[in-house]
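Some notes on the structure that comes next.
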Amino acid sequence: MILALDLSLPIHNPTVQFLILFVIVLLAPILFNKIRIPSLIGLIIAGAVIGPYGIGLMLRDSNMIMLGNAGLLYIMFLAGIEIDVAEFKKNSSKSLVFGMLTFLIPMIIGIFAGLYLLDLSLISSVLLASMFASHTLVAYPIISKLGAGKNRAVTVAVGGTMITDTLSLLVLAIIISMNEGQVTSAFWTQMTLSLIVFSLVVIFLFPIIGRWFFKNFHDSTSQFIFVLTMIFLGGFLAELAGIEAIIGAFLTGLSMNRLIPHVSSLMNRIGFVGNAIFIPIFLISVGMLIDYHAFITGLETLKVAVVMTVVAILAKFLAAWATQKIYGYSKAERMLIFGLSNAQAAATLAAIMVGHRVGLLDDNILNGTIVMILVTCTIASFRAQKGAVEVSLAEGMSKKEEGSPDERILIPIANKDTLRDLVDLSLTIKSKANISNLYALNIVKSNESTPESEKTSEKLLEEAVILGAAADTVVHPLKRYDMNILNGILGIVKKYSITDIVMGLHVKQEITESFLGYLVEGVLDNSQSTLFIYKAIQPLGTVKRRLVVIPPNADKEVGFSLWLSKIWNLGRNSGGKLSFFTNREILNTLRNVHKVHPIDADFNEFEGWRDFIRLTKEIGKDEGLVIVMSRQRKISYDPAMRNIPDYINKHFINNNFMLLYPVQSASVGDYHNDLTNVSLIVPSVVNDNGFGD
């Protein structure tokens, strides 16, 4: 029996609906990028064409609304999880100032426009002004893709978004309650308590739940589903508290920011699913709201649309301009702020739908809102794209300037239990520009080669390649046959000019007096590359804080800036706080770098290894240890370092730790003597011994 396929318009068949959506998601960016128009605009226009007010191919039914809302929450979650927390803390006061400016300026102008230009009542004018005050981070994906997501202006704009959207939605709730005569002392008490409880749950309880989950469940699929669950749980709790779900999604991203390393397969999956599915469908659903017939049949609608659009653009520009002047931002950074804050969509739609339903806003305002959304999203996209490109070029982060780094990281692997930890660490500490110079090595002893050992070797290397690919990084699999494992590793180090070696220790294996055994000792004695010895008790992203111990005179050795950049990347990409312990001279250098490139860190004076036992009182649960060591006969070497294995075995056996041996040759280290291409840009002059003045 052949089933009859109903293709009458509008289409209700789910299979055909998804086919149409994914064809648009595929082709719109390709076509619009060719004419230099942001793909975001193409998706909105496509939605208008296929929607109920266009050719009527599809309705904006419950399925589209559900997927669109998911995309909106995803945008807010990505903004929260990708934000630079250290930069966010540093600029929290600036975010507050911008948030108040981008709320108050549109509110004031909007109220006057409603009263004197659109002849609305006071209560309707206040509601209309709250629509101008809110905005949606529609342009954020563009900025993120162009590499400007961590810029200070973006951080300020994202933080300000949370403030102005929260205030705007509170105004909406108050206006609706006033219209229904429900604004009483009980109303204020309930709203205040619900917001406090909601904030405490998301900010403090969510990280605890997330850390527990990531420590106990390592399956990548389960972790991704868990993240999705938390996004919508945060949105649901926000609605229970009486505010919009987008605030909950943003706070969820912020609360889980430290738990998901920014350079990891999980983060890559989160961004991929959002940018490939949820966010494009949200933009298509926004386009479906556009009713162009209203402007043909009535001049009043056209007038309302012009007034609303001009007010929205002017008010947001004034807020961005004022922020630029107050804090001395560049023109490109002002464009970023304006681009992020000009787009009207989420909270604006919420306000107009509610206001229209209760009779405070009429059909003309509804249609004018849709035009305002289209125009502001278009302008925001162009401004954000231009600003992001200029900022990226100015900060030296464009691919052209980054070039191809000479950093080459070798990951010897022999144990499936430590493989993921070693690859994750390598992905976290590598330079941002290094997307193809990681090498996974497995040594098969020539005299012990069997079909079973060959198969095991291939599986280990295949898993390493998959982990790298999930983070958009090429990991080259290397299988070498040798009678001696040490000789096999050293041969690869020489053949591929390896600059960094990341080696592991089995979780259940203890550190011995022979200092990790003959293999590591052999690598130390016979290679000059930077060596990282890593033992993971828990996943890298679940570590709250790492104590970084740096010996005196480490800054006077070749390669200081090389390994320091790796430590900086570890702090920036993993989300964990770094607590530096070293002497006063090195602390001053670290503080200078921190001023230019803030990460979550503190600095503690620590004069020598004989004071090492003091750290046992500093370290706690879910914290790690990073110890910068030194080979004998080097200026930073101290005989007390020989006691480090015993200290770790006795006091730190339940903590993640990493021992770092700096590069020993200028010829190995001269591929990079500063932090310029290692995810950081340090404007100071750097000499062979490290950072200059």
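Return the pairs, sorted by first residue and then second, in which the second residue is surrounded by fewer than 24 Cβ atoms within 10 Å (Cβ to Cβ) and at pLDDT below 95, the first residue lies in the stretch 306-323 and is over 9 Å from F338 (Cα atoms) and among the hydroxyl-bearing types (S, T, Y), the beta carbons are less than 6 Å apart, and the residues are 6+ apart or on different chains.
Going by the 6 Å Cβ cut-off, the qualifying pairs are T309/V375.
Kindly indicate whether A414 is of a type in the set (G, A, S), in contact (Cβ under 8 Å) with a residue 12 or more places away in the chain and either in contact with a His (Cβ under 6 Å, 6 or more places away or on another chain) or open to solvent by less than 70 Å² (accessible area, probe 1.4 Å) (or both).
No: the conditions fail for A414.
Restricting the search to the stretch 172-191, which residues are of a type in the set (A, V, I, L, M, F, W, C) and closer than 19 Å to L361 by Cα?
L172, A173, I174, I175, I176, M178
Any residue at all in the stretch 48-61 that is open to solvent by 10 Å² or more (accessible area, probe 1.4 Å), small (G, A, S) and closer than 21 Å to Y140 by Cβ?
Checking the stretch 48-61: not a single residue is open to solvent by 10 Å² or more (accessible area, probe 1.4 Å), small (G, A, S) and closer than 21 Å to Y140 by Cβ.
Determine, yes or no, whether K508 is at pLDDT 85 or above and out of contact with any helix residue (DSSP H, G or I) (no Cβ under 7 Å at 6 or more places or on another chain).
No: the conditions fail for K508.
Please go through the stretch 434-454 and pick out each residue that is outside any strand (DSSP E or B), in contact with an Asp or Glu (Cβ under 7 Å, 6 or more places away or on another chain) and surrounded by 13 or more Cβ atoms within 10 Å (Cβ to Cβ).
Passing the criteria: N434, I435, N437.
Please go through the stretch 539-570 and pick out each residue that is closer than 18 Å to I83 by Cα and open to solvent by 10 Å² or more (accessible area, probe 1.4 Å).
K544
Name every residue in the stretch 630-675 that is modelled with pLDDT under 80, hydroxyl-bearing (S, T, Y) and closer than 14 Å to F560 by Cβ, in order of residue number.
Selection gives S636, S665.
Are there any pairs, at least 6 apart or on different chains, whose C-beta atoms fall under 6 Å, with the first in the stretch 146-165 and on the phi > 0 side of the Ramachandran plot and the second open to solvent by 10 Å² or more (accessible area, probe 1.4 Å) and of a type in the set (G, A, S), and if so, which?
Qualifying pairs under 6 Å: none.
Got at least one residue in the stretch 219-236 being within 30 Å of K621 (Cα to Cα), of a type in the set (F, W, Y), touching a Phe, Trp or Tyr at 6+ places or on another chain (Cβ under 8 Å) and outside any helix (DSSP H, G or I)?
Scanning the stretch 219-236, I find no residue that is within 30 Å of K621 (Cα to Cα), of a type in the set (F, W, Y), touching a Phe, Trp or Tyr at 6+ places or on another chain (Cβ under 8 Å) and outside any helix (DSSP H, G or I), so the answer is no.
Of the conditions (1) buried (at least 21 other Cβ atoms within 10 Å of the Cβ); (2) closer than 24 Å to N257 by Cα; (3) out of contact with any Phe, Trp or Tyr (no Cβ under 9 Å at 6 or more places or on another chain); (4) not acidic (D, E), G160 satisfies every one except a single condition; which number is it?
In the conditions (1) buried (at least 21 other Cβ atoms within 10 Å of the Cβ); (2) closer than 24 Å to N257 by Cα; (3) out of contact with any Phe, Trp or Tyr (no Cβ under 9 Å at 6 or more places or on another chain); (4) not acidic (D, E), G160 misses (3) alone.
From the set of residues in the stretch 195-212 that are modelled with pLDDT of 90 or more and open to solvent by 40 Å² or more (accessible area, probe 1.4 Å), which is farthest from I246 (Cα to Cα)?
So the residue we want is W212.
Please go through (1) open to solvent by 30 Å² or more (accessible area, probe 1.4 Å); (2) at pLDDT 85 or above; (3) closer than 14 Å to S579 by Cα for K617 and return the number of the only condition it doesn't satisfy.
(2) is the only condition that K617 fails.
Could you list, in sequence order, the residues of the stretch 292-341 that are among the hydroxyl-bearing types (S, T, Y), under 25 Å from A157 (Cα atoms) and open to solvent by 40 Å² or more (accessible area, probe 1.4 Å)?
The answer is Y327, S330.
Just to check your reading of the model, which residue among S457, S431 is part of a helix (DSSP H, G or I), of a type in the set (S, T, Y) and farther than 19 Å from A536 by Cβ?
S457
Can you name the residue in the stretch 35-47 that is part of a helix (DSSP H, G or I) and within 15 Å of L146 (Cβ to Cβ) and, of all such residues, is least open to solvent (accessible area, probe 1.4 Å)? Before you say what the answer is, go through the steps one by one.
We begin by selecting, within the stretch 35-47, every residue part of a helix (DSSP H, G or I); these are 39-47.
Among the residues that remain, those that are also within 15 Å of L146 (Cβ to Cβ) are: 39-40.
Values: S39: 35, L40: 8 Å².
So the residue we want is L40.
For the stretch 361-370, what are the residues that are open to solvent by 20 Å² or more (accessible area, probe 1.4 Å) and in contact (Cβ under 8 Å) with a residue 40 or more places away in the chain? Show your work before the answer.
Step one: filter the stretch 361-370 for residues open to solvent by 20 Å² or more (accessible area, probe 1.4 Å), giving 362-364, 366-367.
The answer is D363, N364, N367.
Take the residues of the stretch 371-389 that are buried (at least 23 other Cβ atoms within 10 Å of the Cβ) and β-branched (V, I, T): which is modelled with the lowest pLDDT?
I373
If only one of R572, R610, R631 is of a type in the set (K, R), in contact with a helix residue (DSSP H, G or I) (Cβ under 7 Å, 6 or more places away or on another chain) and assigned to a helix (DSSP H, G or I), which one is it?
Values: R572 fails: in contact with a helix residue (DSSP H, G or I) (Cβ under 7 Å, 6 or more places away or on another chain); R631 fails: assigned to a helix (DSSP H, G or I).
Only one candidate qualifies: R610.
Just the residues that are among the charged types (D, E, K, R) and not in a strand (DSSP E or B), please, taken from the stretch 474-504.
K494, K495
Residues that are open to solvent by 10 Å² or more (accessible area, probe 1.4 Å), in contact (Cβ under 8 Å) with a residue 12 or more places away in the chain and more than 29 Å from I196 (Cα to Cα): does the stretch 123-140 have at least one?
Within the stretch 123-140 (the criterion being open to solvent by 10 Å² or more (accessible area, probe 1.4 Å), in contact (Cβ under 8 Å) with a residue 12 or more places away in the chain and more than 29 Å from I196 (Cα to Cα)), the answer is no, since none of the residues qualifies.
Return the pair list, or none, for Cβ contacts closer than 9 Å from residues in the stretch 9-31 that are assigned to a loop (DSSP other than H, G, I, E, B) to residues that are at pLDDT below 85, at least 6 apart or on different chains.
That search, which allows pairs on different chains as well, returns P10/D61; H12/D6; H12/D61; N13/L5; N13/D6; N13/L7.
So L251 fits all but one of (1) surrounded by fewer than 13 Cβ atoms within 10 Å (Cβ to Cβ); (2) under 17 Å from the mean Cα position of the chain (by Cα); what number is the exception?
Only one criterion is unmet by L251, namely (1).
The values are calculated or read from the model by the stated rules, or taken from the named source; none is laboratory data. Because the structure is predicted, anything quoted here is derived from the model rather than measured. Here the Cβ is made from the backbone with ideal geometry for all residues, glycine too, and neighbour counts use every protein chain on show. When the accessible area is computed, the model is the full protein with side chains, heavy atoms only, and any ligands, DNA or RNA have been set aside. Shrake-Rupley method; radii C 1.70, N 1.55, O 1.52, S 1.80 Å.
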